[in-house]
Amino acid sequence: MKTIAVLASGRGSNFSAVIDRIRDQKIPAVCVALITDNPDARAIDRAAEAGIPSVVVDYCAYPNRRAYEVDLFAAIEATGADLIVLAGYMRILGDRIVHACAGRMINIHPALLPSFSGLHAQRQALEYGVRVAGCTVHFVDTGMDSGPIILQHCVPVLDGDDEDALSERILQEEHRILPEAVRLFCEDRLTISGRRVLIKQG
Ligand code: GAR
């Protein structure tokens with residue numbers, strides 16, 4: 001049974017989607033910790049409801065990113081988790097953490113990468129005028145949303161969409177593909193091969 005730790009900065013709906021699937025025994029894993037940079041993150045309440053310990057590494061309590069990342073790294077390593085899941089973690093991670101977690105850290109992003117990396121991906125998609133949007137789960141590397149892609153799912157962009165409507169449609173798919181990617185990892189079915197991720201059939 002694999003252990004996972006989740007990093008989240010806010011609402012925590014993707015975190016909930018993952019721990020709900022674990023609770024329903026659809027993912028062979030134990031979630032050992034929620035780690036957040038935000039003491040007001042709603043994800044903390046979700047963790048408490050599920051009996052999962054939370055660790056707050058408050059970004060604003062540190063003089064700089066380097067000092068913050070020393071404690072963040074210690075918090076991640078203290079979990080001993082096999083897999084680190086970035087589920088709405090809204091900061092860029094430094095190279096030291098990314099290297100230490102290479103091949104065992106994944107991220108959900110609300111766009112069809114490599115389009116629209118970074119912040120406000122759904123707004124970027126609307127402003128560009130694409131007809132198809134979506135979400136991506138990928139391994140984390142030292143670039144911005146640039147690691148090998150595990151799963152993607154697309155949704156239509158409708159004429160009446162504003163940022164909220166499109167974000168909600170994408171979010172429903174995030175809640176499907178993030179737990180699915182976690183399951184594939186926990187079943188040892190993912191192999192990174194250069195830029196590609198190979199998925200062993202179950
Ligand atoms: C999600 O849409 C996630 O894809 C996005 O933040 C939201 C978090 O929602 N992440 C990023 O934009 C990372 N670049 P949640 O807290 O309800 O899971």
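Condition (residue is of a type in the set (A, V, I, L, M, F, W, C), surrounded by 15 or more Cβ atoms within 10 Å (Cβ to Cβ) and more than 12 Å from the ligand (Cβ to nearest atom)) applied to the stretch 88-99: is it met by at least one residue? Yes, that holds for at least one residue. Select from the stretch 22-44 the residues that are free of Cβ contacts under 8 Å to residues at least 60 places away in the same chain and in a loop (DSSP other than H, G, I, E, B) and write down the one among them that is nearest to the ligand (Cβ to nearest atom). Checking each candidate, the answer is Ala41. Scanning for something within 12 Å of the ligand (Cβ to nearest atom) and either part of a strand (DSSP E or B) or on the phi < 0 side of the Ramachandran plot (or both), does the stretch 68-86 turn up at least one residue? Yes: one or more hits. In the stretch 45-67, the residue that is surrounded by the most Cβ atoms within 10 Å (Cβ to Cβ) out of those that are charged (D, E, K, R) and assigned to a helix (DSSP H, G or I) is Arg46. Within the stretch 96-108, residues that are within 14 Å of Val18 (Cβ to Cβ) and modelled with pLDDT of 95 or more have Cβ atoms under 8 Å from residues that are assigned to a helix (DSSP H, G or I) and of a type in the set (Asp, Glu) in these pairs: Ile108/Glu174, counting only partners at least 6 apart in sequence or on another chain.
Within the stretch 149-170, can you find the residues that are farther than 15 Å from Ser115 by Cβ, surrounded by fewer than 19 Cβ atoms within 10 Å (Cβ to Cβ) and not charged (D, E, K, R)? Residues satisfying the conditions are Pro156, Leu158, Gly160, Ala165.
Any residue that is part of a loop (DSSP other than H, G, I, E, B) and surrounded by fewer than 18 Cβ atoms within 10 Å (Cβ to Cβ) - is there at least one of those in the stretch 14-21? So far as the stretch 14-21 goes, no, none of its residues is part of a loop (DSSP other than H, G, I, E, B) and surrounded by fewer than 18 Cβ atoms within 10 Å (Cβ to Cβ). Are any residues in the stretch 1-13 buried (at least 24 other Cβ atoms within 10 Å of the Cβ) and within 11 Å of the ligand (Cβ to nearest atom), and if so, which ones? Of everything in the stretch 1-13, those that are buried (at least 24 other Cβ atoms within 10 Å of the Cβ) and within 11 Å of the ligand (Cβ to nearest atom) turn out to be Val6, Leu7, Ala8.
Inspect the stretch 132-141 for any residue being in a loop (DSSP other than H, G, I, E, B) and modelled with pLDDT of 95 or more and give the result as yes or no. So far as the stretch 132-141 goes, yes, one or more of its residues are in a loop (DSSP other than H, G, I, E, B) and modelled with pLDDT of 95 or more.
A count restricted to the stretch 167-194 and to residues that are in contact with a strand residue (DSSP E or B) (Cβ under 7 Å, 6 or more places away or on another chain), hydroxyl-bearing (Ser, Thr, Tyr) and within 16 Å of the ligand (Cβ to nearest atom) stands at 0. Return the total of residues in the stretch 100-124 being within 11 Å of the ligand (Cβ to nearest atom), of a type in the set (A, V, I, L, M) and surrounded by fewer than 16 Cβ atoms within 10 Å (Cβ to Cβ). Residues meeting the conditions: 1.
The values are calculated or read from the model by the stated rules, or taken from the named source; none is laboratory data. Only a predicted model underlies this, so the values are computations on that prediction, with no experimental measurement involved. Glycine also receives a Cβ, built like all others from the backbone with ideal geometry; neighbour counts cover every protein chain displayed.
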